[in-house]
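Visitor: Provided herewith is a single structure, encoded as structure tokens, for subsequent inquiry.
The values are calculated or read from the model by the stated rules, or taken from the named source; none is laboratory data. Keep in mind the model is a prediction, meaning the values are calculated, not measured. Cβ coordinates were reconstructed from backbone atoms using ideal geometry, including for glycine residues, and neighbour counts include every protein chain displayed. These area figures cover heavy atoms from the full protein model, side chains too; ligands, DNA and RNA do not enter into them. Shrake-Rupley method; radii C 1.70, N 1.55, O 1.52, S 1.80 Å.
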Amino acid sequence: MPYPTIKTLGIIGIALSLLGCEVRADAASLAYSEIRPHVIHLDLPHETRGMGGVIAADIDGDGQRDFIVSGPGFVSSYTYSGRKLWDRRTDIQVTQVSEKDGLPGWHGPGVQVTDADGDGKPDVLFLTKRGTLEILEGRTGRTKRSVKLQSPADSERWEHLVVANFRGRGDRDLLIQATNATGYRMGRFLAAYAIEELMHDGAVKPLWTRDDFASAAHNGARVADLDGDGRDEVLGAMIVGPDGDVLVQLPVIGHVDAVFVADVRPDIPGLEVIALEESKSQQPVPGYNSISLRLNYFYNRIFGVGNRVFLYNKNKIIWETHFRHHEPQNAAVGDFDPSRPGLEIWCRSRVDTRQAPFIFDAYGKLISRYQLDDVAPASWTKKGVEVIFTIDWTGGPQQLAVAKERHKAGDVGIFDVMTGRFLYRFQTKADRLYVADISGDWREELVVVSGDQILVYSNPDVNPSPDSPSLWARNHYRRSKMTWNYYSP
């Protein structure tokens, strides 16, 4: 029997609604089960234990974005057509739990791409567990330079790297970061270098260093040009300027879990940074039963502190807010309700089951909340969602969010952030999730790493805004697509 068409299923859905029948979110996923992903077969180890990730970049210069996949002991590159460009078996610095193992943390790819030597061709950069910076020719994977880097005395090695523009000369600088070697590991050590200096023999003097950076826990530093002056700032629980000076520091209770950058408030010049704070909940009533949980819940609602969401830029903290001091933990930031000014901030909440997301507007006001179980497909895991990306899927003004099933290699869903309603469900076994404009039509594709395959899902509908400028033209977009991890996509 042939599959029903999308049009046929739409007619059936309308007919059922007219008859007063409820149509669950699962109905939309039936139509989208007809979307066949573009498949790239990988000749790589299957088991990565949460280490390593994937990024998209044109490394062979043909104008089409390629994929770089990393994991423990390897970094490899594949074209969109599925041809393997190269494969390096090497001790690339990728890790699991960053506060225990160091950066870049869960799903962190540990790879950057830029023109390192000014020859007009892309190069691939990564750190190794031996303490070296490896610079490879993007097209062939041939080693151009291997630089031994001495890390700070209280660190194990340099662990995280980010291509940056600190001098106003383009993407010709490099930020490297390390955590303290003992205790709860946080990325307090920073060093900024001119990449061309690293390409030469001999001792290299950094542009600047810091040993007191307030990094987000679980994450490496992020960079972005916040004020549009052509130079990047370094982002965490503080903002460090392109010359290494501290510009803003958050009054954090506990630590920051995740950091994002976006133009949340178009009425304020430049970009803003969003940070999610994790503070320990107080437990005045001992035990773990229904009575103690309820009493402690109300105690923290009335007397609790912390677990805030901050909006800030290079000049000041714009606002801070919270929802009953519930830990926000993960977020998605985007134009989820185009009728409202600015962007919205969706917070997942930290609970083992029955996640209860809450949403703030651009001014820090609570505008929506719901129970995920009430809106997710009936067979979706009760543990909720994880690895949440904002996605430009439709080509229209409203952005959506995408996530995978939590704590399993499971399905992926695209959902309406304001209501939580799942619009499209892709049945797969997602180990990694990544979102980027792969095709170049400015809409974004959904990239799933599943075992020994990369699956690329594209929206088959006609793009309503084909002339929109490329997302890759945005400085903070390019940066985020190379420095993401599980906590800060």
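Visitor: Sort through VAL234, VAL248 and tell me the only one that's within 17 Å of PRO104 (Cα to Cα) and out of contact with any helix residue (DSSP H, G or I) (no Cβ under 8 Å at 6 or more places or on another chain). Walk me through how you get there before you give the answer.
Guide: Working: VAL248 fails: within 17 Å of PRO104 (Cα to Cα).
Being within 17 Å of PRO104 (Cα to Cα) and out of contact with any helix residue (DSSP H, G or I) (no Cβ under 8 Å at 6 or more places or on another chain) holds for just one of VAL234, VAL248, which is VAL234.
Visitor: Here are ALA153, ALA192: which of them is open to solvent by less than 20 Å² (accessible area, probe 1.4 Å), over 16 Å from VAL75 (Cα atoms) and of a type in the set (A, V, I, L, M)?
Guide: Details: ALA153 fails: open to solvent by less than 20 Å² (accessible area, probe 1.4 Å).
The match here is ALA192.
Visitor: Here's another thing I want to ask about it. If I filter the range 188-218 down to residues being of a type outside the set (A, V, I, L, M, F, W, C) and not in a loop (DSSP other than H, G, I, E, B), which single residue comes out as nearest to HIS255 (Cα to Cα)? Even if it seems obvious, please write down each step before you answer.
Guide: At the first step, the residues of the range 188-218 found to be of a type outside the set (A, V, I, L, M, F, W, C) are 188, 193, 196-197, 200-202, 205-206, 209-212, 215, 218.
Now drop any that are not not in a loop (DSSP other than H, G, I, E, B), which leaves 193, 196-197, 209-210.
Working: TYR193: 27, GLU196: 35, GLU197: 35, THR209: 22, ARG210: 19 Å.
Result: ARG210.
Visitor: Exactly one condition in (1) at negative phi; (2) in contact with a Lys or Arg (Cβ under 8 Å, 6 or more places away or on another chain) is false for HIS107; which is it?
Guide: (1)
Visitor: To continue, here is another question. Can you pull out the residues in the range 124-133 that are within 23 Å of the chain's Cα centre (by Cα) and either modelled with pLDDT under 95 or surrounded by fewer than 22 Cβ atoms within 10 Å (Cβ to Cβ) (or both)?
Guide: Within the range 124-133, the subset within 23 Å of the chain's Cα centre (by Cα) is 124-128.
THR128, the sole residue that qualifies.
Visitor: Oh, and also: Please go through the range 58-106 and give me each residue that is in contact (Cβ under 8 Å) with a residue 60 or more places away in the chain and either among the charged types (D, E, K, R) or touching a helix residue (DSSP H, G or I) at 6+ places or on another chain (Cβ under 9 Å) (or both), ordered by number.
Guide: ASP58, ASP60, ARG65, THR95, GLU99, LYS100, ASP101, PRO104, GLY105, TRP106
Visitor: State yes or no: is LEU446 surrounded by 23 or more Cβ atoms within 10 Å (Cβ to Cβ), farther than 18 Å from VAL111 by Cα and under 16 Å from the mean Cα position of the chain (by Cα)? Show your work before the answer.
Guide: Working: surrounded by 23 or more Cβ atoms within 10 Å (Cβ to Cβ): yes; farther than 18 Å from VAL111 by Cα: yes; under 16 Å from the mean Cα position of the chain (by Cα): yes.
So LEU446 passes the test.
Visitor: Among the candidates LEU226, LEU207, LEU136, single out the residue that is open to solvent by 50 Å² or more (accessible area, probe 1.4 Å), at pLDDT 95 or above, touching an Asp or Glu at 6+ places or on another chain (Cβ under 8 Å) and aliphatic (A, V, I, L, M). First the steps, then the outcome.
Guide: Numbers: LEU226 fails: open to solvent by 50 Å² or more (accessible area, probe 1.4 Å); LEU136 fails: open to solvent by 50 Å² or more (accessible area, probe 1.4 Å).
So the residue among LEU226, LEU207, LEU136 that is open to solvent by 50 Å² or more (accessible area, probe 1.4 Å), at pLDDT 95 or above, touching an Asp or Glu at 6+ places or on another chain (Cβ under 8 Å) and aliphatic (A, V, I, L, M) is LEU207.
Visitor: Taking interchain pairs and intrachain pairs at least six residues apart, which have beta carbon atoms under 6 angstrom, with the first residue in the range 129-140 and farther than 23 Å from GLN177 by Cβ and the second assigned to a strand (DSSP E or B) and open to solvent by 30 Å² or more (accessible area, probe 1.4 Å)?
Guide: GLU137/LYS144
Visitor: Also, quick follow-up: With respect to the numbered conditions (1) surrounded by 14 or more Cβ atoms within 10 Å (Cβ to Cβ); (2) outside any strand (DSSP E or B); (3) out of contact with any Asp or Glu (no Cβ under 9 Å at 6 or more places or on another chain), which one is the sole condition not fulfilled by SER488?
Guide: (3)
Visitor: Let me ask something else. Assigned to a loop (DSSP other than H, G, I, E, B) and closer than 18 Å to VAL417 by Cα: is that true of ARG350 in this structure? Reasoning before the result, please.
Guide: On the way: assigned to a loop (DSSP other than H, G, I, E, B): yes; closer than 18 Å to VAL417 by Cα: yes.
Considered against the rule, which asks whether it is assigned to a loop (DSSP other than H, G, I, E, B) and closer than 18 Å to VAL417 by Cα, ARG350 comes out as yes.
Visitor: Could you check ARG324 against (1) without any contact (Cβ under 8 Å) to a residue 60 or more places away in the chain; (2) surrounded by 20 or more Cβ atoms within 10 Å (Cβ to Cβ) and say which number it fails?
Guide: Evaluating ARG324 over (1) without any contact (Cβ under 8 Å) to a residue 60 or more places away in the chain; (2) surrounded by 20 or more Cβ atoms within 10 Å (Cβ to Cβ) leaves (2) as the failure.
Visitor: Please verify whether the range 34-43 includes one or more residues that are modelled with pLDDT under 95 and surrounded by 19 or more Cβ atoms within 10 Å (Cβ to Cβ).
Guide: no
Visitor: Can you tell me which residue among LEU455, LEU446 is in contact with a His (Cβ under 8 Å, 6 or more places away or on another chain), assigned to a strand (DSSP E or B) and farther than 17 Å from ASP225 by Cα? Quick ask: steps written out before the conclusion?
Guide: Working: LEU446 fails: in contact with a His (Cβ under 8 Å, 6 or more places away or on another chain).
The match here is LEU455.
Visitor: Please find, within the range 338-360, the residue that is nearest to ALA403 (Cα to Cα) out of those that are of a type in the set (D, E, K, R) and crowded, with 19+ Cβ neighbours inside 10 Å. Show your work before the answer.
Guide: First, the residues of the range 338-360 that are of a type in the set (D, E, K, R): 340, 344, 348, 350, 352, 354.
Checking the rest, the ones that are also crowded, with 19+ Cβ neighbours inside 10 Å come to 344, 348.
On the way: GLU344: 17, ARG348: 11 Å.
Only one residue fits best here, namely ARG348.
Visitor: Looking at VAL234, VAL256, VAL252 in this structure, which one is part of a strand (DSSP E or B), of a type in the set (Val, Ile, Thr) and either open to solvent by 10 Å² or more (accessible area, probe 1.4 Å) or closer than 18 Å to GLN329 by Cα (or both)? Steps first, answer last, please.
Guide: Values: VAL234 fails: either open to solvent by 10 Å² or more (accessible area, probe 1.4 Å) or closer than 18 Å to GLN329 by Cα (or both); VAL252 fails: part of a strand (DSSP E or B).
Of VAL234, VAL256, VAL252, the one residue that is part of a strand (DSSP E or B), of a type in the set (Val, Ile, Thr) and either open to solvent by 10 Å² or more (accessible area, probe 1.4 Å) or closer than 18 Å to GLN329 by Cα (or both) is VAL256.
Visitor: Follow-up. Failed condition for LYS144, given (1) open to solvent by 10 Å² or more (accessible area, probe 1.4 Å); (2) closer than 23 Å to PRO109 by Cβ; (3) in contact with an Asp or Glu (Cβ under 6 Å, 6 or more places away or on another chain); (4) touching a residue at least 60 places away in the same chain (Cβ under 8 Å), with all others met?
Guide: Here LYS144 meets the rest and fails (4).
Visitor: Among the candidates ILE388, ILE454, ILE414, which residue alone is over 26 Å from VAL264 (Cβ atoms), within 20 Å of the chain's Cα centre (by Cα), open to solvent by less than 50 Å² (accessible area, probe 1.4 Å) and hydrophobic (A, V, I, L, M, F, W, C)? Spell out how you get there, then give the answer.
Guide: Numbers: ILE388 fails: over 26 Å from VAL264 (Cβ atoms); ILE414 fails: over 26 Å from VAL264 (Cβ atoms).
On inspection, the qualifying residue turns out to be ILE454.
Visitor: With respect to the numbered conditions (1) part of a loop (DSSP other than H, G, I, E, B); (2) surrounded by fewer than 17 Cβ atoms within 10 Å (Cβ to Cβ); (3) in contact (Cβ under 8 Å) with a residue 12 or more places away in the chain, which one is the sole condition not fulfilled by ASP467?
Guide: (3)
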